[in-house]
Every structure is written in C-alpha cells, then in structure tokens.
Amino acid sequence: MDLAFTEQQQAFREEVRSWLAGNVPPEPLQSFDTEEGFIQHRAWEATLNKGRWGMVTWPQVLGGRGCDLIEWLIFEEEYYKIRAPLRVNQNGIFLLGPTLMEYGTEEQKARILPKMANGEEVWAQAWSEPNAGSDMAAIRTTATLEGDKYIINGQKTWSTRAVWADWCFGMFRTDPESERHRGLTFILVPLNSPGITVRPIPQLDGLPGFAEIFFDNVEVGVENRLGDEGAGWSVAMATAGFERGLMLRSPARFQETARRLVELYSANRMSADCDPAVKDAVLGAYLDAESYCLATYQTACRLNKGGKIGAESSTNKIFWSELDQNMHATAMSILGARAELLPHAPDAHGVGAWLDGWLFSQSGPIYAGTNEVQRNIIAERMLGMPR
Amino acid sequence: MDFTFSEDQLLFQESVRDFLINEVTAERIRASWETDSGREDALWNQLAELGLTGMTVPEVYGGLGMTVLDFVLLAQECGYVGLPEPLVHTVMVAVPLLNDIGGELGEQWLPKVASGEAKVIVGLEQNLLVEDAHVADLLLIQQGHKLYAATPDQVSLRYNESVDPSRKLFTVELLTGATVVASGEQAATLIASTFNRGALGCAAQVLGLAQRMIDLSVQYTSERRQFGKPIGSFQAVKHHMANVAVRLEYAKAPTHRAAYAVAMGQEVAAHAVSHAKLVACEAANLAAKNSVQVHGAMGYTWEVDLHIFMKKAWALANTWGDAGFHKRRIGERIFSTDAVLGAGATFV
Ligand SMILES: Cc1cc2nc3c(=O)[nH]c(=O)nc-3n(C[C@H](O)[C@H](O)[C@H](O)COP(=O)(O)OP(=O)(O)OC[C@H]3O[C@@H](n4cnc5c(N)ncnc54)[C@H](O)[C@@H]3O)c2cc1C
C-alpha cells in the first residue's frame with residue numbers, strides 16, 4: 001500500500017489542471033436542457049476533444065489517452081474542482097462508447113466513435129417504456145427484420161437529452177414470440193429517421209431534460225445492430241456496472257458538493273446552528289463523500305492490478321444517490337426561507353445552484369435502476385439471500 | 001498510488017481467519033464466560049505460536065517487526081469471531097507504546113510479549129476503565145500528564161461487569177512502587193498516538209463484527225420459514241440487510257486508510273482514525289439493530305449467538321472515544337478556516 005501519487009500521476013494532474021484553466025469557459029454555460037445551452041455544451045465537447053481531453057480513458061487511436069482508472073479519477077477531480085461544464089454526451093461517451101468498443105464491429109466503431117467523441121453526434125439512451133421501468137425485461141417496442149432493415153414500432157420514454165440528441169440506443173423486441181430477457185436486440189437509431197416523434201417531457205425544473213420517443217414504422221439498417229440479434233440483454237448488461245458507475249458518478253462530484261456544503265454552513269453558522277441536526281448532517285455528508293472517494297480509489301487500484309469487480313459494486317449507486325440527496329437536503333435547511341427561491345429572484349442572494357441540485361438529487365435514487373431494485377440485487381447476489 | 005494490500009498481507013489474513021474460525025467458536029466464548037478470568041492461556045499461547053502477539057514487536061526482540069497496517073485485516077478477523085483475548089490491544093496499543101518508550105522497559109517486556117509469556121495492558125484516562133487489567137503482567141497507566149509502569153502487585157483493581165460478558169473492565173489504582181516512564185510533552189505525544197491506535201483497533205474489529213452479524217442474519221433468514229417461505233425472501237427483510245451491507249462496504253476503505261496513516265505517522269492520522277471509527281461503528285450499530293430485527297424473538301435471547309457480537313459492537317462504539325469525541329475532532333478540522341477540502345484533497 002502506498003497512498004501517494006506517483007510523479008507521473010502528479011504531472012498528469014498538472015497537465016489536466018493547466019489545460020482546463022486555459023480552456024474552461026469563464027462563465028457557466030446555460031443548462032443543456034435548453035436549446036442554446038445544448039449547443040454550447042456540444043461546442044464544449046468539441047473543445048475537449050481537440051485537446052484530447054474528451055475521454056481520457058479511451059485508447060489513443062480514438063482520440064483518448066489510454067488512461068487507467070486512477071488517472072481518470074485525477075482527471076475528474078480537476079474537472080469538478082474548476083467547475084467545468086457537465087457532459088452533454090454522457091450517455092454516449094460513458095455508456096455506449098465502452099459497449100461499442102467491446103461489441104461493435106470495426107465499421108461501427110470507425111463510423112460512430114469519432115463523431116461521438118467530438119460531440120457532433122449526441123446520444124440518448126432508450127431503454128425505458130411506459131410499462132417497462134424497473135421491469136426492463138417487459139420491453140414491448142418491436143423491431144422486425146425485413147431484408148436488411150429493421151422496422152421499429154412502439155414507444156420509449158424518459159430518454160435523457162433525447163429532445164436535441166442525434167441518435168438513441170435502445171433495446172427492442174425482435175422476436176415477437178419471445179418473453180422477458182430473450183428475444184431483445186440492441187439497436188442504434190438516428191433520431192431524425194422518418195416515423196420518429198420526440199415529445200419533450202418537462203422535469204421538476206420545468207425544462208425538457210428527457211422525452212418520449214414514438215416509433216411509427218421507423219426503418220433502421222441492420223448495420224446499426226450492436227451484437228447479435230436476440231443478444232440485446234447481455235450486451236446491455238455485460239459492460240460492468242462498476243466501471244460505468246465510476247465514469248458516470250466519480251467521487252469528485254460529491255466531494256465538491258460536500259466542500260460547498262461545509263462552506264455554506266460556515267458562512268451561515270449563526271442561523272444554521274439553531275437546528276443542532278444541521279452541523280451533524282454537514283459533518284456526516286463530508287465523511288460520506290470522503291468514504292466514497294476512498295472506497296473508489298481502493299476498488300480502482302484493485303482493478304488496475306487485475307482484480308475483478310464483485311457483487312459488492314452494487315452498493316455504489318445507493319451510496320452516492322443517498323449522499324447527494326442528504327447533502328442537498330442539508331443545504332436547503334441551511335438556506336431556510338431562501339431555499340425555495342430561484343437563483344434569479346431579486347432577494348435570493350447567495351442561494352447559488354443548491355435548488356437545482358436539490359431537484360436533481362431527487363432523481364438519483366430512481367434512474368439507473370431504482371435503489372429498491374439495487375437493494376434486491378445486493379441482498380440476493382452479494383449476500384446470497386433467498387429469492 | 002496503490003490502495004491494495006499485498007499478497008502476503010492477504011494470505012496472512014486468510015490463514016488467521018481460518019485459525020480463528022476453527023478455534024474461537026461461539027461455544028468456546030460461552031465457556032470462557034463461566035471461568036473466573038474469562039481468558040484462556042492455551043488460546044493465548046496458540047496466538048503467540050502463530051507470531052500474532054509479536055506482530056509489531058521488533059525482530060530483535062523475537063517479533064515479526066510489522067506495523068499496524070499489516071495487522072488491520074487481522075483485527076477485522078478478531079472482530080469477526082469476537083475474540084475475547086486482548087490481541088488487538090496487544091498488537092495495536094501496548095506493543096507500539098512499549099516500542100516508543102523503548103529503553104530497558106522495552107528490552108525487558110517486548111520479548112516476553114512476542115513469546116506469549118507476558119501481557120502488557122495500557123490504561124488511558126480517555127477511557128473510563130481499563131480492559132483486561134486482571135491478566136496484565138505489566139500495566140502502563142496514564143495519570144494526568146504522566147505515564148506509569150506498574151506490575152500487578154503495584155496496583156489495586158476494581159472489576160466492572162459489562163453487558164458483553166467477554167469484556168473485563170477495571171478501575172486501576174496505582175499503589176506504591178509504580179514508576180514514571182514518560183511525562184510532560186513526551187507523555188502527551190505517546191498518549192495521543194496510543195489513543196489513536198486504540199480507536200483504530202476498535203474500527204477494524206467492528207468491521208468484522210458487522211460482517212459476522214450480517215452472516216448470522218443471512219443464514220438465519222434463509223432457514224427460518226413463515227408464510228410458507230424463507231423469511232429472507234421477503235423484501236423488507238432483504239432491505240434491512242442490504243442497508244447494512246452498503247454502510248459496511250463504505251466503512252472499510254476509511255479504516256484501511258487510517259491504518260496506513262497511523263503506520264506512516266502521517267499528520268492526517270488522528271483525523272483519519274476518527275473518520276474510520278465513526279463510520280465503522282455506525283455500520284456495526286446498524287448491523288446490530290437490523291440483525292436483531294430480522295431474527296424476531298430469537299434475536300432477543302441469550303441462547304442465539306447474535307448477542308455475542310452485537311454487545312461487543314455496542315461497547316466498542318463508545319470506547320476509545322465515543323461518537324461525540326470523534327465528531328468533535330473531525331469538526332475542528334473541517335470547520336477551520338484554513339481547511340483544504342473537496343476533490344483532490346483526500347490524499348494530501
Ligand atoms: C432523471 C431521469 C432520467 C432518466 N433517463 C433515462 C434514460 O435516459 N433512458 C431510459 O431508458 N430511462 C431513463 N430513466 C428512467 C428510469 O430508468 C426509470 O425511471 C427507472 O428504471 C424506474 O422505472 P419507473 O420510473 O417506471 O418506476 P417503477 O418501476 O414504476 O417504480 C416505481 C417505484 O416502485 C418500486 N419498485 C418497482 N419494482 C420493484 C421491485 N421489484 N421491488 C421493489 N420495489 C420496486 C421502485 O423502486 C420505485 O420506487 C430516467 C429516469 C429519471 C428519473
């Protein structure tokens with residue numbers, strides 16, 4: 001055990017830091033759930049990609065740097081510290097990208113990954129359907145193979161960024177006789193295909209952060225199938241949960257929220273201490289964010305040395321989503337009567353981005369497999385309790 | 001950056017775990033409750049033969065010359081079986097203190113600890129009582145700003161019964177003959193670092209205790225049937241245990257980091273130990289609470305083994321600094337104006 005960064009790792013940190021310092025837009029971008037903000041974020045992806053900082057864990061030939069997980073964590077630390085823009089193409093670069101690298105044909109990789117990397121093509125994820133939420137195996141949207149085309153009919157929903165995205169990836173039922181996990185196929189669909197209707201759904205903040213996607217005889221060439229027909233479920237599940245989880249929600253994000261929470265508390269101590277539970281919650285949040293960071297480093301180091309990820313990785317989602325909710329709840333109590341005010345309200349001085357974060361934190365325990373479903377998985381697969 | 005244990009450390013853990021699980025059974029612990037001292041020389045000698053009592057004793061004195069980092073996984077295993085013998089105390093608290101005091105005292109006692117001939121027990125004022133003072137051959141006792149060394153004939157003990165029948169607790173009164181081994185600044189430094197190692201030992205042990213309570217509960221709920229099914233198939237029961245698993249999973253890395261910080265003498269050690277002690281004890285307390293619940297009335301009995309581990313976890317949560325003490329220490333650091341927090345600050 002050696003808990004010091006190597007010189008190489010420190011040099012890498014310096015390089016990340018100085019590039020970000022010279023390139024991160026001085027003013028925060030608008031929300032990527034607005035049209036203008038989406039365009040700004042797309043442009044930021046291109047900037048990142050030009051500097052070869054778009055996806056540092058990707059191989060060099062794909063414009064990445066072939067970084068290991070520790071370097072990824074370092075990158076994220078610097079990224080969140082300087083408050084660089086959120087990643088509009090996260091579903092592409094963090095979720096689909098690695099899956100493509102594993103299951104895609106050479107043609108698919110060459111066609112899709114470069115445009116994904118520079119933000120030219122932004123991706124939405126289309127798993128959920130009105131009647132297939134937690135129970136994803138209940139997917140009913142069909143894709144029928146006719147010649148060299150799939151004809152897709154049905155409906156997806158809750159598809160993040162789909163309003164302005166260019167493509168979606170999803171699972172479709174290719175075998176109409178099949179049930180549950182069998183007979184599903186992983187297909188990539190251009191969102192400008194004839195027969196597609198995208199209907200924005202306003203989220204808690206009023207902005208259309210996700211959308212319904214209707215498919216009416218949509219034609220998609222077979223070259224857009226990822227993996228074999230009928231193998232959709234295993235393609236979707238195979239790229240290990242942990243590494244994706246780590247990509248999507250690395251500790252830096254929560255450590256920065258915890259730091260801001262400590263600052264908020266310290267700046268409002270007189271009023272905050274009227275409720276003795278607040279200080280305890282701030283302290284607990286700080287510790288949990290640190291625990292999350294330590295545990296992530298420990299796992300990343302183990303994986304770097306060739307270790308395997310086990311069922312314990314399913315604890316990750318619950319831990320960060322509850323931490324995020326707790327931190328924002330605490331910030332809301334510190335802000336008191338100002339907590340409900342939108343940041344631009346004339347008397348809302350000092351509320352910062354807490355309200356937005358609080359709203360978004362409500363969704364953490366829901367998306368990416370609800371926390372109840374995660375608890376079932378932990379009990380059954382990690383602890384071995386009876387089904 | 002390498003936050004992993006070495007092959008050797010993991011292998012040692014495995015062999016000690018096997019030994020402890022075979023030897024330190026619940027029946028043996030219950031049998032020890034019926035004896036006067038609650039401690040077994042035979043078991044202590046076995047631990048010494050494995051080199052465990054001398055793990056942190058320097059090689060020149062017949063020990064293995066290892067650090068608390070090498071021992072932290074073993075301390076978890078001691079917790080897992082609820083080992084009544086003061087092994088964690090010896091390796092993490094007493095021996096490093098003797099090492100630091102050094103001189104004739106170290107020369108005289110360290111070889112005996114390594115060989116299993118003698119037990120050395122430390123009593124700090126931060127703790128209300130002294131654990132295992134009755135089996136000590138040498139006591140190192142804090143009084144104000146001084147540390148005293150005393151042999152059994154130089155102290156008077158008053159026994160206090162604990163809810164955990166395995167814990168033997170005493171007030172120690174120094175009689176004539178006890179000698180000062182450190183005072184002033186030196187004593188203060190020794191006391192502070194000794195205290196941190198004690199708290200670290202608690203954190204590591206309760207990780208093991210929490211895991212044991214989970215294992216017992218999973219086993220029980222897989223066997224016990226109601227409504228025609230194993231009760232462990234009910235989601236409410238599953239989620240009780242899943243909640244414990246989540247808290248426990250994230251208490252491990254802080255404890256290992258604290259062991260590293262202590263072993264390396266890092267400035268952050270006290271802070272890291274408080275972090276570990278808080279989250280590990282919180283996980284163990286939750287394990288206790290939810291484990292009793294999923295055992296039903298069985299969990300409320302003397303007969304079922306759960307209480308052996310549960311009561312130890314309760315006790316350890318409030319010794320070597322309770323939650324209030326450790327939260328105060330964390331708070332002093334993070335709420336200070338020059339605190340460096342947030343992304344990238346964890347390992348500096
Ligand atoms: C912000 C946000 C972004 C999202 N983005 C996407 C996206 O990009 N692409 C996409 O495909 N989907 C997306 N989703 C959808 C998300 O994956 C689903 O919401 C989620 O899988 C839960 O499904 P549901 O909403 O239908 O809830 P339901 O499945 O109806 O669940 C409702 C409640 O019942 C509980 N429940 C259900 N089944 C069980 C069970 N077996 N045991 C115990 N409790 C159970 C749930 O835990 C939950 O509390 C997003 C959701 C949100 C909130």
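Give the interface area between chains A and B as buried accessible surface, both sides summed, probe 1.4 Å, in Å² to the nearest 100. Intermediate values should be presented prior to the final figure.
Values: alone 18960 and 16260 Å², together 30530 Å².
By this definition, chains A and B bury close to 4700 Å².
For chain A, the relative contact order is 12 percent, taking Cα pairs closer than 8 Å that sit 6 or more residues apart in sequence and dividing their mean separation by the residue count.
Per residue, the protein assembly as shown exposes 42 Å² of accessible surface when a 1.4 Å probe is rolled over the protein heavy atoms with every protein chain present. Rounded to the nearest 20 debye, the dipole size of the range A:290-329 about its Cα centre is 300 debye, using +1 on the Cβ of Lys and Arg and -1 on the Cβ of Asp and Glu.
Using 1/(1 + (r/R0)^6) with R0 = 56 angstrom and r between the beta carbons of B:Arg30 and A:Val222, what's the FRET efficiency to the nearest 0.05?
On the way: r = 68 Å, r/R0 = 1.22.
That pair, B:Arg30 with A:Val222, gives E of 0.25.
Rounded to the nearest 10 degrees, the inclination of helix A:106-117 to the longest alpha-carbon principal axis of chain A is 30 degrees. Listed by chain and number, the lysines placed with their C-alpha closer than 21 angstrom to that of B:Lys289 are B:Lys238, B:Lys252, B:Lys277, B:Lys311, B:Lys312; residues fewer than eight positions away on the same chain are left out. Angle between the Cα long axis of helix A:251-267 and the longest principal axis of chain A, 0 to 90 degrees, nearest 10? Helix A:251-267 and the main axis of chain A meet at about 30 degrees.
Segment B:Phe19..B:Glu161, full-extension length gain: 48.2 nm, with 0.36 nm per residue of separation and the alpha-carbon distance subtracted.
Leaving ligands and nucleic acids out of the surface, order B:Asp36, A:Asp205, A:Asp324 by accessible area at 1.4 Å, largest first.
Working: B:Asp36 155, A:Asp205 65, A:Asp324 20 Å².
Largest accessible area first, the residues go B:Asp36, A:Asp205, A:Asp324.
Restricting to DSSP H runs of at least four residues, report the calculated mean residue ellipticity at 222 nm for chain A, -39500 (n - 2.57) per run over all residues, nearest 500 deg cm²/dmol. If you can, show how the numbers build up before the last one.
On the way: 13 runs with 166 residues, N = 387.
Computed mean residue ellipticity for chain A: -13500 deg cm²/dmol.
Leaving ligands, DNA and RNA out of it, report the carbon-plus-sulfur percent of the accessible area of the range A:27-88 at a 1.4 Å probe. It is 54 percent, rounded to a whole number.
Quick one: ranking A:Cys67, A:Cys274 by accessible area, 1.4 Å probe, largest first, what do you get? Display every interim value, and only then the final one.
Values: A:Cys67 15, A:Cys274 110 Å².
Result, largest first: A:Cys274, A:Cys67.
The accessible area of B:Leu50, taken with all protein chains in place and a 1.4 Å probe, comes to roughly 80 Å². For chain A, the number of Lys pairs with C-alpha atoms closer than 28 Å, counting only pairs eight or more positions apart or on separate chains, is 17.
Which whole-number percent is the relative contact order of chain B (Cα, under 8 Å, 6+ apart)?
Working: 552 pairs, mean separation 53.7, N = 348.
Computed value for chain B: 15 percent relative contact order.
Between A:Arg387 and B:Lys229, the simple label model (points 7 Å from Cα in the Cβ direction) yields a spacing of 1.3 nm.
May I ask for the angle, rounded to the nearest 10°, between helix B:269-295 and the longest principal axis of chain B, with both axes built from Cα atoms and the value confined to 0 to 90°? Orientation of helix B:269-295: about 40 degrees from the principal axis. The modelled label-to-label distance for the pair B:Gln219/B:Ser336, using points 7 Å beyond Cα in the direction of Cβ, is 4.7 nm. Taking all protein chains together and rolling a 1.4 Å probe, A:Arg111 ends up with roughly 70 Å² accessible. Among the protein heavy atoms, those of A:Asp166 account for about 40 Å² of accessible surface (1.4 Å probe, every chain in place). When the helices of chain B are scored as -39500 (n - 2.57) per DSSP H run of n ≥ 4 and the total is divided over every residue, the value at 222 nm lands at -18000 deg cm²/dmol.
The values are calculated or read from the model by the stated rules, or taken from the named source; none is laboratory data. Values in this document were obtained by computation on a predicted structure and should not be read as measured data. Virtual Cβ from ideal backbone geometry, glycine too; neighbours counted across all protein chains shown. Surface accessibility is based on the protein's heavy atoms, side chains included, excluding ligands, DNA and RNA. Shrake-Rupley method; radii C 1.70, N 1.55, O 1.52, S 1.80 Å.
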